[in-house]
Amino acid sequence: MANPSRRSILLGLGAMAATTATSPMAFARPRPLFFERIGKPIGLQLYMLGNDIGRDLDATFAAVARIGYREVELPNLMGKPAAEVAAAATRAGIGIRSLHVPLVRSASGAGPAGVTFGSSAQQLADTLGALGARWAVAPIMLLPANFRPAAGESFGRTLARTAGEAGADLWKESAALLNEKGQALRPLGMNVGYHNHNIEFAPIGKTSGWDILWRETQPGLVHFEIDLGWIATAGLDPVRFLDRTRGRVKLLHVKDVAADNTRNFS
C-alpha cells in the first residue's frame with residue numbers, strides 16, 4: 001500500500017467529520033474523556049519524542065502543547081539549566097511534573113540530567129524547584145559494577161547478564177540509595193520514585209529485583225512510577241499488578257512495548 005500524503009489524510013478526516021456531523025450521533029452529548037472523568041492529569045514523557053528535544057526548547061514545548069498536553073516529565077535537562085527549561089515550558093503553558101534522575105552514588109557524570117541521586121539533597125531539591133517539579137524518579141536500578149558490553153551485545157542483554165551476576169545485592173544497594181535520598185528530600189518538600197522495566201521481574205533464586213525493591217524501600221519515602229508497557233512485557237497482568245501495589249504507585253507510564261530483543265531487558 002502506498003504511503004498516504006498528509007493532504008490526503010486531512011481530506012479524509014474532513015470527510016469523516018462532515019459525515020459524522022450529519023448523523024444523529026452528532027447531536028448526542030459527548031462522554032467526557034477518561035482522565036477528565038477520574039480527575040487525573042495526563043502528561044507526556046519527553047523521552048518518547050527522541051534525541052532532538054533539547055535542540056529548540058520553545059519549538060518542542062509548543063508542539064507538545066498543540067497536541068493537548070499540559071504536563072510533562074523530563075528524561076533529563078537536555079544539557080540546559082533547569083531555569084531555562086522551566087521558562088520554555090511556562091511560555092507554552094506546560095507544567096513539569098517530574099524529572100528522571102540517574103540512580104548512581106556519585107554526583108559526577110550527571111550528563112544531560114544535570115543531577116544524579118549522588119548529588120546532595122539540596123542540589124536535587126533546588127533543581128526540581130527551579131523546574132516546578134516535585135518528583136525525582138530513578139529510571140532504572142544501579143548499574144552493575146561489571147557492566148561491560150560484550151562484542152555484539154545489546155544494552156539490554158548486557159544489563160540482564162551483569163545484573164544476574166550481581167544478584168540480590170545490586171537490588172538491595174539500589175533500595176538503600178532510594179531510601180537515603182527519599183529521607184533527605186522529604187523535609188525539602190520533594191519526592192522519590194522508581195520507574196520499572198521488565199528486568200526487575202527476572203528471578204533471583206526464589207525472589208526478584210522487584211520483590212527486593214518493594215520489601216526494602218520504605219513506603220513513606222519511596223514510591224513507584226509503574227510502566228504498564230514493561231509490566232506487560234514481563235508477562236504480568238497490568239490491572240492485577242496495580243491492584244497489588246495500591247497505595248505506593250504515584251505516577252504511571254502507559255504505552256505499548258514490543259517484546260523483542262531490542263527492547264527486552266532479559
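Bear in mind that the values in this text are calculations on the coordinates, not laboratory data. Since we're looking at a predicted model, the values are computed, not measured. Glycine also receives a Cβ, built like all others from the backbone with ideal geometry; neighbour counts cover every protein chain displayed.
Tabulated values for the structure
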| read-out | value |
| --- | --- |
| Cβ-derived FRET efficiency at R0 25 Å, Glu36 paired with Ala65, nearest 0.05 | 0.90 |
| Length-normalised contact order of the range 40-177 in % [C-alpha pairs under 8 Å, at least 6 apart] | 19 percent |
| Extended-chain gain in nm, criterion 0.36 nm per residue less alpha-carbon gap, Ser108 and Leu236 | 42.5 nm |
| Separation of the Phe155 and Asp169 label points, Cα + 7 Å toward Cβ, nm | 2.6 nm |
| Mean separation of Cα contacts under 8 Å, 6 or more apart, over the residue count of the range 96-255: relative contact order % | 19 percent |
| Length-normalised contact order of the range 139-234 in % [C-alpha pairs under 8 Å, at least 6 apart] | 30 percent |
| Segment Asp243-Thr207, extension gain: residue separation times 0.36 nm, minus the distance between their alpha carbons | 11.0 nm |
| Between the range 221-242 and the range 114-133, the Cα center-to-center distance that results, in Å | 26 Å |
| Rg(Cα)/(2.2 N^0.38 Å) for the range 126-266, N = residue count | 1.06 |
| Counted charge near Arg55, where neighbours are those whose Cβ lies closer than 14 Å (Asp, Glu -1; Lys, Arg +1) | -3 |
| Alpha carbon convex hull of the range 24-129, volume per residue in cubic angstrom | 128 Å³ |
| Semi-axis lengths, Å, the range 176-253, gyration tensor of Cα atoms, sqrt of 5 times eigenvalues | 22, 15, 10 |
| Which listed pairs, of Lys80/Lys250; Lys172/Lys206; Lys80/Lys255, have C-alpha distances above 23 Å, in listed order | Lys80/Lys250; Lys80/Lys255 |
| Those trypsin sites (Lys or Arg not before Pro) in the range 130-211 that DSSP places in a loop and that have at most 12 other beta carbons within 10 Å | Lys206 |
| Radius 13 Å from Cβ of Ala150, net charge of other residues (Lys, Arg +1; Asp, Glu -1) | +1 |
